[in-house]
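Take a look at the structure set out below.
The values are calculated or read from the model by the stated rules, or taken from the named source; none is laboratory data. These figures come from a predicted structure and were not determined experimentally. Glycine also receives a Cβ, built like all others from the backbone with ideal geometry; neighbour counts cover every protein chain displayed.
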2 protein chains.
Amino acid sequence: MLSLADLNAARARIAPHIHRTPVMTSRTLDAELGARLFFKCENFQKIGAFKARGATNAVFSATDKELRGGVVTHSSGNHAAALARAARLRGVPGHIVIPTNAPRSKVESVRRQGGEIIFCEPNVAAREEACARVQAETGALLVHPYDDWRVIAGQGTAALELMEDAPDLDVVIAPVGGGGLMTGTTLAVKSVRPSARVFAAEPEQADDAARSLATGVRQPTPTGFTIADGVRTGLGEKAFSVLREKLDGVLLASEAGIIAAMRHTWEILKILIEPSCALPLAALREGKLAVRGLRVGIILSGGNLDLDRLPWQEAG
Amino acid sequence: MLSLADLNAARARIAPHIHRTPVMTSRTLDAELGARLFFKCENFQKIGAFKARGATNAVFSATDKELRGGVVTHSSGNHAAALARAARLRGVPGHIVIPTNAPRSKVESVRRQGGEIIFCEPNVAAREEACARVQAETGALLVHPYDDWRVIAGQGTAALELMEDAPDLDVVIAPVGGGGLMTGTTLAVKSVRPSARVFAAEPEQADDAARSLATGVRQPTPTGFTIADGVRTGLGEKAFSVLREKLDGVLLASEAGIIAAMRHTWEILKILIEPSCALPLAALREGKLAVRGLRVGIILSGGNLDLDRLPWQEAG
């Protein structure tokens, strides 16, 4: 597991390469919920998501010897662009395995960051096989999107900054998918401010984290559809080991609630957030946690999405 | 005309009631244009637009006697919500004449601010007639959306803040419609930093400001369509008198360029801006001004728009 010293070391390590993102507040949203809300804007982070933190920490904490073949990962999302970028900054090759059905914008994003793209068939077996082949051929270091302590430590640095800019928080909420952000956040908050409670927010239709913690058995990747594409992933082993012990609970949000919270955030805060990013506010607006009078920190995880068609238009 | 002392007085007067908005930068956009760009984010302003500044200055610089009947204006845009809000803060009635065809979201926004709405037929004569009737019945003070020195002074305070946060600017650009923001900006910049050049950005399809300055004769409200709905207004008299003397030029942007710059800003900066707000960046991306190596301040005027349907979807 990770200590506060590990998190602080990660923070110092990645500071030259990432944004210290701002914390936004809104009297309108505060009035609606009867609480003080503090939004940590990782949508303004490099590559548009918190993933820049973990990937950068993993790459910059590896030794030259570990990196002699560069790095490799399989991802069609924000981790892909984040790892490609971190590899470029470190001056080593970044091999990114991407399924052939990934959105073109994601592929372009990886390419822009200088990633070397290997396409594979869109299924888990093909992804892992392609990844293993790249490792065998190049000796590249695998950087998993979330089940990696260095990645988790990097993701936890957002909460460290949030607690500095918004002191005395009573509650911190982040979205949970594979659990990298959630685990880093939980470890950071419980180390720095043990009295604060930490909650994960998850779609009702992909509630594997809630069921994993309720049953004590890690549940597989959810198969149900959710608009929150960034969290269509089951909890990693490392995440599960931490969260089952330290997390205060999981808040579920409905699909309609996620879409409404996303649009509301756009309209009120005038910032772009992706659907997964709306989970915490969606759960609060659906009354899943009593926050009246409390100071609540929310990690806005990212702002990458396809602007051709918006979720409320799909629904309409 | 206004002195720097007037602008500074306006700034002090409205400071308790408005946001000091942040200035954003982007290495991606800087690299694209070969310049350093500083975006003054008035989309994060109260009511979502710079209009909060001018309306607040007008209401708070009026005497109790002037305000005994409250204030009145005709507008279906951001000035309506801004004036309703300022009146509420000052504790006087805010009468807002709105055409019956105004978008519901705009009407709701005025209502939320506590404005007293008077509907009128959607034409200039009906608007002015309704406004005059309210004035006659209530003795309310008319606060024009732009052709008013107190409003102009308020709008100029955004540039004062921008020049503090982004010193040594070579160029400042803002959108121009009726000219309140443009005139306040020009007076502020030419007072504080006379070496900086100031440009207005305007749609090619509603280029009355460019033609007014070129011909020396104030041109009427443009009749052509533009997606930039916030600037479908001819220059006011006061604006014309200042801009013909002090403005360095007008940069025109195509409709396609406005839409592309708007979307690009959303994607790169992860913030919502309305179409009019994209005019300066659109003109720069279309090469209308040589800015290579320069420090360029851009006033992002506002972020209020209908999210049901986006301009690039209309065009598609």
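Does B:ALA31 satisfy the criteria of being within 14 Å of chain A (Cβ to nearest Cβ), over 16 Å from the mean Cα position of the chain (by Cα), part of a helix (DSSP H, G or I) and of a type in the set (A, V, I, L, M, F, W, C)? In short, yes. Annotation note: of A:ALA102, A:ALA82, A:ALA87, the sole residue that is touching a Gly at 6+ places or on another chain (Cβ under 9 Å), outside the structural domain of A:THR186 (by TED's automatic domain parsing) and not in a helix (DSSP H, G or I) is A:ALA102.
For the condition within 17 Å of the chain's Cα centre (by Cα) and modelled with pLDDT under 95, what is the one hit in A:VAL172, A:VAL198, A:VAL231, A:VAL189?
On the way: A:VAL172 fails: modelled with pLDDT under 95; A:VAL198 fails: modelled with pLDDT under 95; A:VAL189 fails: modelled with pLDDT under 95.
Among A:VAL172, A:VAL198, A:VAL231, A:VAL189, only A:VAL231 is within 17 Å of the chain's Cα centre (by Cα) and modelled with pLDDT under 95.
Which residues, taken from segment B:276-287, are away from chain A (no Cβ under 14 Å) and touching a residue at least 40 places away in the same chain (Cβ under 8 Å)?
Within segment B:276-287, B:SER276, B:LEU279, B:PRO280, B:LEU281, B:ALA282, B:ALA283, B:LEU284, B:ARG285 meet the criteria.
Filter segment B:46-79 down to the residues that are assigned to a helix (DSSP H, G or I), of a type in the set (Gly, Ala, Ser) and more than 14 Å from every other protein chain (Cβ to nearest Cβ) and list them by number. Reasoning before the result, please.
Restricting attention to segment B:46-79, the residues satisfying the condition of being assigned to a helix (DSSP H, G or I) are B:46-48, B:51-61, B:78-79.
Of the ones still in play, those that are also of a type in the set (Gly, Ala, Ser) are B:48, B:52, B:54-55, B:58, B:61.
Once the filter is applied, which keeps residues that are assigned to a helix (DSSP H, G or I), of a type in the set (Gly, Ala, Ser) and more than 14 Å from every other protein chain (Cβ to nearest Cβ), segment B:46-79 yields B:GLY54, B:ALA55, B:ALA58, B:SER61.
All of A:ALA136, A:ALA166 fail the test of being of a type in the set (A, V, I, L, M, F, W, C) and without any contact (Cβ under 8 Å) to a residue 40 or more places away in the chain, apart from A:ALA136. Here is the figure for segment A:49-66: residues that are surrounded by fewer than 24 Cβ atoms within 10 Å (Cβ to Cβ) and touching a residue at least 24 places away in the same chain (Cβ under 8 Å) total 4. Would you say B:ALA102 is modelled with pLDDT of 95 or more and among the hydrophobic types (A, V, I, L, M, F, W, C)? Criteria not met by B:ALA102.
Would you be able to say whether some residue in segment A:8-18 is under 30 Å from B:LYS46 (Cα atoms) and at pLDDT 95 or above?
Start the filter on segment A:8-18 by keeping residues that are under 30 Å from B:LYS46 (Cα atoms), which leaves A:18.
If we keep only those that are at pLDDT 95 or above too, we end up with A:18.
Within segment A:8-18, one or more residues are under 30 Å from B:LYS46 (Cα atoms) and at pLDDT 95 or above.
Applying the condition of being assigned to a loop (DSSP other than H, G, I, E, B) and modelled with pLDDT of 95 or more to segment A:122-143 and asking which residue is farthest from A:GLY177 (Cα to Cα) yields A:GLY139. Among the residues of segment A:213-236, the ones that are surrounded by fewer than 17 Cβ atoms within 10 Å (Cβ to Cβ), hydrophobic (A, V, I, L, M, F, W, C) and in a helix (DSSP H, G or I) come to 1 in all. Any idea which residue in segment B:244-275 is farthest from the other protein chains (Cβ to nearest Cβ), counting only those that are touching a Leu at 6+ places or on another chain (Cβ under 8 Å) and of a type in the set (D, E, K, R)? The qualifying residue farthest from the other protein chains (Cβ to nearest Cβ) is B:ARG244.
Residues of segment B:195-212 that are in contact with a Pro (Cβ under 9 Å, 6 or more places away or on another chain) and over 15 Å from B:LEU243 (Cα atoms): B:PRO203, B:GLN205, B:ALA206.
Any chance you could count how many residues in segment B:142-171 are of a type outside the set (Gly, Ala, Ser) and farther than 30 Å from B:THR73 by Cα? Steps first, please.
Filtering segment B:142-171 down to residues of a type outside the set (Gly, Ala, Ser) leaves B:142-152, B:155, B:157, B:160-165, B:167-171.
Cutting the leftovers down to farther than 30 Å from B:THR73 by Cα gives us B:163-165, B:167-171.
Qualifying residue count, segment B:142-171: 8.
Across segment A:56-79, the number of residues qualifying as of a type in the set (A, V, I, L, M) and either more than 19 Å from A:GLY184 (Cα to Cα) or not assigned by TED's automatic domain parsing to the domain that holds A:VAL110 (or both) comes to 3. On the given criteria, is A:ALA210 buried (at least 17 other Cβ atoms within 10 Å of the Cβ), in contact (Cβ under 8 Å) with a residue 12 or more places away in the chain and over 30 Å from B:ASN304 (Cα atoms)? So A:ALA210 passes the test. Please work out if B:LEU142 is in contact (Cβ under 8 Å) with a residue 60 or more places away in the chain and surrounded by fewer than 19 Cβ atoms within 10 Å (Cβ to Cβ). For B:LEU142, the condition - in contact (Cβ under 8 Å) with a residue 60 or more places away in the chain and surrounded by fewer than 19 Cβ atoms within 10 Å (Cβ to Cβ) - is met. When A:SER254 is tested against (1) among the polar types (S, T, N, Q); (2) surrounded by 18 or more Cβ atoms within 10 Å (Cβ to Cβ); (3) closer than 11 Å to A:GLU202 by Cα, only condition (2) is not met. Scanning segment B:267-276 for residues that are buried (at least 21 other Cβ atoms within 10 Å of the Cβ) and part of a helix (DSSP H, G or I) gives B:LEU269, B:PRO275, B:SER276.
Please go through segment A:1-28 and give me each residue that is part of a helix (DSSP H, G or I), in contact with a helix residue (DSSP H, G or I) (Cβ under 7 Å, 6 or more places away or on another chain) and either of a type outside the set (Asp, Glu) or within 12 Å of chain B (Cβ to nearest Cβ) (or both), ordered by number.
Once the filter is applied, which keeps residues that are part of a helix (DSSP H, G or I), in contact with a helix residue (DSSP H, G or I) (Cβ under 7 Å, 6 or more places away or on another chain) and either of a type outside the set (Asp, Glu) or within 12 Å of chain B (Cβ to nearest Cβ) (or both), segment A:1-28 yields A:LEU4, A:LEU7, A:ALA10, A:ARG11, A:ARG13, A:ILE14, A:HIS17, A:THR28.
Looking only at residues in segment A:151-192 that are small (Gly, Ala, Ser) and surrounded by fewer than 24 Cβ atoms within 10 Å (Cβ to Cβ), the one that is farthest from A:ASN57 (Cα to Cα) is A:ALA166. Filtering segment B:290-316 to residues that are away from every other protein chain (no Cβ under 11 Å), touching a helix residue (DSSP H, G or I) at 6+ places or on another chain (Cβ under 7 Å) and surrounded by fewer than 24 Cβ atoms within 10 Å (Cβ to Cβ) leaves B:VAL291, B:ALA315. Scanning segment A:283-316 for residues that are β-branched (Val, Ile, Thr) and in a loop (DSSP other than H, G, I, E, B) returns a single hit, A:VAL291.
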